1. Report the residue, chosen from LEU264, LEU99, LEU222, that carries the largest GNM mean-square fluctuation when the chain is represented by alpha-carbon nodes joined by springs under 10 Å.
2. When only alpha-carbon atoms are used, what values of Rg and Dmax, in angstrom, describe segment 144-280?
3. Along the Cα→Cβ direction, 7 angstrom out, place labels at ARG52 and SER124. What is the inter-label distance in nm?
4. Quick check: residue separation of ASP5 and ASP169 times 0.36 nm, minus the Cα distance between them. What number comes out in nm?
5. Looking at the chain, I'd like the Rg to Rh ratio, where Rg is from alpha-carbon atoms and Rh is Kirkwood's inverse mean 1/r.
6. Starting from the Cα of ARG17, move 7 Å in the Cα-to-Cβ direction to define the label point; list residues of segment 66-89 whose amide nitrogen is under 19 Å from there.
7. Using alpha carbons only, how many angstrom separate the centre of segment 242-280 from the centre of segment 150-222?
8. Between LYS266, LYS134, LYS143, where does the largest GNM mean-square fluctuation fall for the chain, given springs only between Cα atoms within less than 10 Å?
Amino acid sequence: MTGADDWRVKFEEAVVRESIFDMVESLQTQATTHAGTANAAVKRMAIKKIERHFSLDAEGRFRVGLALCQSGNKTAEEVGAYVLSSCYAEHQEEVSDVLHSMADHSHWEVREWAADACGRILASHFDRFYPTMKMWTADPSDKVRRAVALAAMYAGHRRISDNAPKILDLIEVLLPDRAMYVRENLGPFALGSGLIRDYPSQVLDRLNHWIETEDEQVRWNLAMIFSAANGAKYAVAARHVLSLLESDPRPYVQKAVTKAIKNLRKRCKEYFIAQKEADF
C-alpha cells in the first residue's frame, strides 16, 4: 500500500464502521495548504465510497451526510452536502435546511459544493425542489441567492427541455439583483457559460423579452453573457439584443458592453461581418 492509498483505505474502513471522526480525520490528511480543504478528486472519491456503501440504506446515508455537514471540517462539510443531495426524496425539509446553511457558509468552497448539490436535486426532483429554489431567490443572503443561479445552471446541464422555462424563470427573478456576488455568477457564468449552451433557443427567446426592460442591472447581465466564451458563439443570433445594448448610454451598461465587444473581437468575428452587412 502506498502513502497515497493509505487515506482511501482508512476512509473506507471508517465508512464501514460509520465513524464520522475517522472519516473527517482521513479527509483532513488530504487538505491542501492553498485552500485548506482536500482537492476535488479526493472529495468525489469520498462521496462515491459513501454512496456506494449505503446504496441500499438511505437512512444510513442520510446520517453520515448530516453528521459530516455538522462536523465543522470544511472538506467533510463539502462531502456531506453532496451526499445529502442523494437523500432528498426521503428527507426533503431536512436536506433543504442543511443545504441552505451550507449555501450561506463563510467558506467559498463549501458554498460551491452546496450549490452543486442543489443543482443535483433540482435536476432529479425538479417539481418538488423548484419551490425551494424559487423561495431562495428572495433570501436576504446574496450567497444563497447566488446558489440558486448556480443550481439552475447545473440542473440545465441535463438539457431536459421541459424544465427550461422554469429554470429561466429562476434566472429572470435574479437578473435585477445588484449584489456583486450574484451578478458576477449570473450573466457571465450561469447564462453565458452554461444555460445559453444547454438551452440556446430558449435563452435567445428570453433575451428578446428581457431586453425590453430598462433596468440597467438586467441589461448589464445580458451584455455580460457575450463576455463568456460560450456566449460569444450566439452573438450573431442575438445581434438585435446586442445592438440595443450598444445604444444604451448608461456607463454601467456600457462597461459590460465593452467587455462583451472585446470578447467578440477575439472569438466571433462573424458578428462584426453580420453587423456590416446589416448596415448596407
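Where a number appears in this text, it was derived from the coordinates with a stated rule and is not lab data. Bear in mind that the values here come from a model prediction, so they are computed numbers and not experimental data. All Cβ positions, even for glycine, are placed from backbone atoms using ideal geometry, and neighbour counts span all protein chains on display.
1. LEU264
2. Reported Rg and Dmax, both Å: 13.9, 48.
3. The answer from the label model is 1.7 nm.
4. Numbers: separation 164, 0.36 × 164 = 59.04 nm, distance 4.57 nm.
Extra length available between ASP5 and ASP169 comes to 54.5 nm.
5. On the way: Rg = 21.3 Å, Rh = 20.1 Å.
Rg/Rh: 1.06.
6. What the label zone holds, given the 19 Å backbone N cut-off, is 67-68, 71, 76.
7. Result: 19 Å between the Cα centres.
8. Checking each option, the largest mean-square fluctuation is seen for LYS266.
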